[in-house]
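What follows is a short report on a single structure.
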Amino acid sequence: GGGGWADPRAQARSEIAPVPSLLRELSHKAMLPAIVFIFSRAGCDAAAEQAAALRTPLVGDDEVGRIESIVADFKRANGALLDSLDVRRFELLQLGIASHHAGMLPLEKALAEQLFQANLLKVVFATETLAAGINMPARTTVVTTLSKRGDRGVEPLAASALLQMAGRAGRRGIDERGNVLLCRSAWESAPDAARLLARPADPIESNFCLGYGSALKLRRRRPLSECESLIARSFGAYTARAKAETAVAQLGGVEEERRRLRALLARFDRSSVASYAKLQGRLEAEQRSLSFLRAQEAEAEAEMVETLLGFVNRGTPARTSDGAAAIVA
């Protein structure tokens with residue numbers, strides 16, 4: 001029909017809410033302060049600049065005064081480092097807006113954390129590193145995309161990563177509930193979000209690895225029996241034991257299946273089994289050939305129809321392969 005989108009990706013991009021619109025809606029629904037997770041440093045800074053274009057102020061006059069006071073104290077305490085700090089970040093702080101990512105100096109991030117914990121910042125644009133180990137709960141967390149670039153290219157978010165970011169929503173003793181907003185992106189839609197939400201949490205894995213240096217230091221200070229006991233109580237040893245127990249149980253099942261198959265095959269001599277395997281191989285080969293021929297036939301039919309359509313007048317009634325009526329356009 002008219003007005004449709006030829007490129008689904010372009011349609012998806014058109015449905016992505018601009019940052020000012022997103023913040024305006026969150027403010028209208030009393031869902032601020034918010035942490036907006038964006039998986040790139042440049043993306044965080046760009047989003048902060050877009051948020052600054054919001055006409056409705058996010059902070060009141062009293063809050064602006066408190067922010068200015070805290071920033072002034074920060075500048076006095078770190079006067080020798082002011083030349084290395086981004087002046088624009090201080091301007092955004094006075095609007096209740098901040099970035100938080102590894103490209104910032106630790107002092108800058110600490111200032112943003114202090115203001116956010118004091119409920120003076122209304123939105124922080126952050127990479128996922130903020131979700132781990134920093135006490136910055138918000139009323140709302142916003143996840144702008146359900147995939148991120150990793151060592152193996154662009155991959156869907158892990159369920160544990162989403163759970164960790166979502167866990168920032170809701171301030172203890174302040175909010176009755178936290179809000180988590182998953183945004184539409186050019187690459188994912190509602191079904192992708194539903195699949196991610198339905199996925200179970202990823203298993204916790206131990207990265208414990210005792211090197212030669214650590215082993216020597218441990219052995220120098222403790223007797224061998226205590227070293228062995230200490231390692232046996234580690235989470236890594238626990239998961240290794242659990243995996244070993246699972247493997248033993250699976251091995252028992254494999255052995256049982258092996259005995260069952262041996263009893264089943266005992267009624268047939270070896271030549272009969274070999275003949276059956278050969279026939280099975282021929283059947284699979286014939287099925288592959290049949291699938292290939294059917295694909296060729298469908299491709300030839302499509303080419304023939306496309307060729308013949310050039311000789312058919314517009315408006316001619318037609319019937320599709322599934323029996324539906326159609327008009328040649």
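Go through segment 45-77 residue by residue and tally those that are more than 23 Å from residue 144 (Cα to Cα), assigned to a loop (DSSP other than H, G, I, E, B) and open to solvent by 30 Å² or more (accessible area, probe 1.4 Å). The number of residues fulfilling the criteria is 1. State all residues of segment 149-191 that are of a type in the set (Asp, Glu) and within 21 Å of residue 22 (Cα to Cα); if no residue qualifies, say none. Passing the criteria: 175, 188.
Applying the criterion of being closer than 17 Å to residue 27 by Cα, more than 15 Å from the chain's Cα centre (by Cα) and open to solvent by less than 40 Å² (accessible area, probe 1.4 Å) to the residues of segment 129-153, the residue that is modelled with the lowest pLDDT is 138.
All of 256, 284 fail the test of being open to solvent by 100 Å² or more (accessible area, probe 1.4 Å) and among the acidic types (Asp, Glu), apart from 256.
May I ask you to verify whether residue 104 is part of a loop (DSSP other than H, G, I, E, B) and open to solvent by less than 20 Å² (accessible area, probe 1.4 Å)? When the stated conditions are applied, residue 104 passes them.
In segment 78-98, the residues that are among the small types (Gly, Ala, Ser) form Cβ pairs under 6 Å with partners that are in a helix (DSSP H, G or I) and open to solvent by less than 80 Å² (accessible area, probe 1.4 Å), at six or more places apart or across chains, as follows: 98/112. Answer yes or no as to whether residue 297 is within 30 Å of residue 328 (Cα to Cα), at pLDDT below 85 and part of a helix (DSSP H, G or I). So residue 297 fails the test. Taking first residues from segment 188-213 that are touching a residue at least 24 places away in the same chain (Cβ under 8 Å) and partners that are open to solvent by 80 Å² or more (accessible area, probe 1.4 Å) and of a type in the set (Lys, Arg), the Cβ contacts under 9 Å between residues at least 6 apart in sequence or on separate chains come to 193/184.
If I ask for residues that are touching a helix residue (DSSP H, G or I) at 6+ places or on another chain (Cβ under 9 Å), surrounded by 10 or more Cβ atoms within 10 Å (Cβ to Cβ) and either more than 26 Å from residue 165 (Cβ to Cβ) or of a type in the set (A, V, I, L, M, F, W, C) (or both), which ones from segment 206-225 would you list? If the condition is that a residue be touching a helix residue (DSSP H, G or I) at 6+ places or on another chain (Cβ under 9 Å), surrounded by 10 or more Cβ atoms within 10 Å (Cβ to Cβ) and either more than 26 Å from residue 165 (Cβ to Cβ) or of a type in the set (A, V, I, L, M, F, W, C) (or both), then 208, 210, 215, 218, 219, 222 are the ones that fit.
Across segment 262-299, what is the total count of residues that are of a type in the set (Phe, Trp, Tyr) and over 49 Å from the mean Cα position of the chain (by Cα)? The number of residues fulfilling the criteria is 1.
Regarding segment 154-162, can at least one residue be identified that is of a type in the set (Val, Ile, Thr), outside any strand (DSSP E or B) and open to solvent by 40 Å² or more (accessible area, probe 1.4 Å)? Looking for residues that are of a type in the set (Val, Ile, Thr), outside any strand (DSSP E or B) and open to solvent by 40 Å² or more (accessible area, probe 1.4 Å), one finds none in segment 154-162, hence no.
If you go through segment 21-31 and pick out every residue that is crowded, with 19+ Cβ neighbours inside 10 Å and part of a loop (DSSP other than H, G, I, E, B), you end up with 1. Picking from residues in segment 163-205 that are farther than 23 Å from residue 27 by Cβ and touching a strand residue (DSSP E or B) at 6+ places or on another chain (Cβ under 7 Å), the one that is surrounded by the fewest Cβ atoms within 10 Å (Cβ to Cβ) is 187.
Is it the case that some residue within segment 196-217 is part of a loop (DSSP other than H, G, I, E, B) and of a type in the set (Asp, Glu)? Yes.
The values are calculated or read from the model by the stated rules, or taken from the named source; none is laboratory data. What you see is a predicted model; the values in this text were computed from it and never measured. Heads up, the Cβs are rebuilt from the backbone with ideal geometry, glycines too, and the neighbour counts pull from every protein chain shown. SASA here: full protein model, heavy atoms, side chains in, ligands and nucleic acids out. Shrake-Rupley method; radii C 1.70, N 1.55, O 1.52, S 1.80 Å.
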